[in-house]
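Working notes, beginning with the structure itself.
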Amino acid sequence: MKKVFLMVCCVGLLFSCGSQKAETTNPTSTVQTTTPLDVSKYGATITSAELKEDLYIFASDEFAGRGTGEEGEKKAVKFLKDHYVALDVPSALPNNNYFQEVPLEKSAAPNVTLNVNNKSFTSIEDFVSVTSVQDGTLNTSEVVYAGYGIEDEAYSSYENLDVKGKVVLIRSGEPKNTDGNFLITGTSNASKWSNASQAYRAKRDAAKELGAKAVFFYYPEIYTMAAARFGGSSGSFSLRENNEDMYYFLINTDLAKTLLPNIETTVDSQVIDMPIQMTYKSNSTQIVGENVAAIIKGSEKPEEIIVISAHLDHEGVKNGEIYNGADDDGSGSVALIQIAKAFKAAQKDGHGPKRSILFLHVTGEEKGLLGSRYYTDFDPIFPLENTVANLNIDMIGRVDPKHEDKNNNYLYLIGADKLSTELHEISEAANKKYTNIEFDYTYNDDNDPNRFYYRSDHYNFAKNNIPVIFYFNGTHADYHKPSDTPDKIRYDLLENRTRLIFYTAWELANRDQRIVVDKANE
């Protein structure tokens with residue numbers, strides 16, 4: 001009983017720190033008293049009817065699947081801007097047009113000729129270029145093999161190697177110690193150097209920083225997927241960077257074993273005598289995407305920012321079929337509008353948030369988290385050190401197969417406890433007080449093979465030690481298919497889930513002290 005009493009007291013204390021109070025006057029007394037503000041009054045302004053009305057437009061054929069940088073996405077960003085203007089929620093940008101331009105590059109497969117050891121290899125079939133690079137040529141007589149291609153405090157593949165201006169060959173994976181544990185982590189858990197989405201960038205960046213001219217990366221586990229993504233006629237997208245000058249190729253087994261026959265069992269670095277000739281001609285096109293950014297300024301701590309995000313893009317049109325993306329991520333996009341409406345209603349009543357709320361709709365998520373990466377890595381509208389937390393919404397309108405025959409009132413939460421214990425506790429308490437959703441933490445497991453923690457826009461904030469929560473209903477039969485349409489959305493669930501995020505943001509915005517990051521990445 002003592003434990004129960006203490007738990008109740010802690011939850012009450014947790015919310016008394018963050019809840020605003022409304023002043024009331026007793027007509028029979030001259031003493032002014034205060035009563036807690038009924039926040040549910042503003043949560044109730046979030047309705048399934050308005051969510052449905054907005055989503056049937058946002059995920060309609062008129063928006064043509066909201067392909068990154070395409071005309072349908074231009075209509076989508078105007079739709080979002082018009083809603084914020086109507087709500088009287090101002091732009092977060094000094095030019096007051098709500099649009100943060102994101103410079104992008106769309107690459108069709110480049111024209112590459114490659115001859116290794118007097119044998120010709122074919123683009124896409126044997127190798128695939130995974131970055132857009134300046135036109136140029138290579139002509140060398142040697143290759144530096146750098147094993148796993150890792151440059152880490154705990155392990156270096158480049159020790160005593162000079163790779164400046166040279167062609168480098170690396171392989172996937174990372175070393176283990178004699179106990180069978182991963183050497184870098186010292187445990188059975190792999191590090192970022194084995195995770196596909198992280199290793200792809202980390203190994204590239206390590207070689208580039210050491211001055212490599214070109215990298216051949218043998219990663220057979222993902223080669224087929226990479227060839228389909230980067231070699232298709234639609235091309236790949238990347239942020240436009242003017243200084244990219246290192247050629248970066250994923251290679252198949254035939255090419256890898258031509259370079260080093262025993263590559264699958266060789267870890268030690270070595271210099272390989274091998275003639276290589278290559279010519280590279282880019283087929284890239286420059287385009288501009290837009291992030292949409294609106295803000296409600298804080299009344300007491302306006303410099304501290306809570307970012308609520310959702311991606312506005314989807315897959316566009318493929319083979320004549322429109323990918324409407326109602327759940328992914330139309331559901332998150334319209335949820336942001338409703339949350340903004342609720343905060344605005346509170347502000348009009350004199351109960352605006354103490355901290356600022358940034359409503360951030362990002363482009364290019366489907367192309368590699370590009371809009372959010374541009375915001376965090378290149379042009380943050382507000383300093384990242386002032387960003388208290390990111391609540392990211394990506395698919396909250398459906399039920400996945402796991403929960404079809406169970407309680408539908410569920411939601412997957414990912415990341416809440418990874419950087420801040422306090423954020424997790426606030427999230428749990430907000431849910432218990434207001435929405436009673438069943439939280440499923442399956443995908444929050446560090447060893448979950450889906451790796452969803454790294455696959456939506458929150459990750460670009462998390463990598464900068466900004467606490468995050470990723471709200472997600474899981475995948476379903478219509479995921480990334482033309483059949484992800486607004487008629488299949490559970491608007492009752494979408495309403496309750498959206499209210500949860502509003503209440504959580506309310507607590508974060510109105511607490512006396514910003515939440516503590518007690519599990520920062522090194």
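The values are calculated or read from the model by the stated rules, or taken from the named source; none is laboratory data. What you are looking at is a predicted structure, and each value in this text was computed from that prediction instead of being measured. For neighbour counting, all protein chains shown are included, and Cβ atoms are generated from backbone atoms with ideal geometry for every residue, glycine included. In case anyone asks, the SASA skips ligands and DNA or RNA and just uses the protein heavy atoms, side chains included. Shrake-Rupley method; radii C 1.70, N 1.55, O 1.52, S 1.80 Å.
Taking amide H positions as modeled 1.01 Å from N, with prolines and chain starts lacking one, the residues under 5 Å from N324 and 5 or more places away or on another chain are D484. Modelled spin-label separation between N436 and I57, with each label point placed 7 Å from Cα along the Cα-to-Cβ direction: 3.4 nm.
Remark: the V288-N96 segment gains 67.3 nm on full extension, using 0.36 nm per residue and subtracting the alpha carbon distance.
Divide the volume of the convex hull around the Cα atoms of region 44-185 by the residue count and you get 297 Å³ per residue. Near Y148, the amide H atoms lying under 5 Å from its own belong to R171; only residues 5 or more places off or on other chains count, and H is placed 1.01 Å from N. At the listed q of 0.20 Å⁻¹, the Debye profile of region 107-215, built from one uniform point per Cα, gives log10 I(q)/I(0) equal to -1.14.
For the chain, the fraction of 1.4 Å probe accessible surface lying on carbon and sulfur atoms is 48 percent.
Amide H contacts under 5 Å for L183: K176, N177, restricted to partners 5 or more places along the chain or on a different chain, H placed in the peptide plane at 1.01 Å from N.
For region 109-124, backbone phi angles converted through the Karplus equation (6.51, -1.76, 1.60; θ = phi - 60°) give residue-by-residue couplings of 4, x, 8, 10, 10, 9, 10, 10, 6, 6, 10, 7, 10, 10, 4, 6 Hz, Gly and Pro being listed as x. Taking the C-alpha atoms only, the angle from helix 2-18 to the longest principal axis of the chain is near 90 degrees. Taking 0.36 nm per residue of separation and subtracting the current Cα-Cα distance, fully stretching the chain between Q134 and E50 would add 25.4 nm. Region 385-433 and region 199-223 have Cα centres separated by 34 Å. Can you give me the distance in nm between label points at N195 and A108, each placed 7 Å from the Cα along the Cα-to-Cβ direction? Going from the N195 label point to the A108 one covers 3.6 nm.
Using the alpha-carbon positions of region 455-522, Rg (one decimal) and Dmax (whole number) come out as 16.0, 46 Å.
Highest mean first, what order results for 442-449, 62-69, 163-170 on Cβ atoms within 10 Å? Present the calculation step by step, with values, prior to reporting the outcome.
Numbers: 442-449: 12.5, 62-69: 22.9, 163-170: 20.2.
Most protected by this proxy first, the peptides run 62-69, 163-170, 442-449.
Extension gain for the segment D268 to D38, taken as residue separation times 0.36 nm less the Cα-Cα distance, is 76.3 nm to one decimal.
So which of K354/K433; K354/K418; K166/K203; K106/K297; K164/K281 end up more than 27 Å apart by C-alpha? Over 27 Å apart, Cα to Cα: K106/K297. Per-residue ellipticity at 222 nm, computed for the chain from helices alone with -39500 (n - 2.57) per DSSP H run of at least four residues, works out to -8500 deg cm²/dmol.
Relative to the dominant Cα principal axis of the chain, helix 196-209 is inclined by about 60°. Compared with the dominant principal axis of the Cα atoms in the chain, helix 491-510 is inclined by about 80°.
Between their Cα atoms, which of K192/K301; K192/K367; K341/K488; K301/K519; K74/K341 are more than 26 Å away from each other?
Values: K192/K301 36 Å; K192/K367 21 Å; K341/K488 24 Å; K301/K519 24 Å; K74/K341 23 Å.
From K192/K301; K192/K367; K341/K488; K301/K519; K74/K341, over 26 Å: K192/K301.
If you wrap the tightest convex hull around every Cα atom of region 214-333 and split its volume per residue, you get 233 Å³. Working from the Cα coordinates of the chain, the gyration tensor eigenvalues give, after taking √(5λ), semi-axes of 46, 26, 20 Å in decreasing order.
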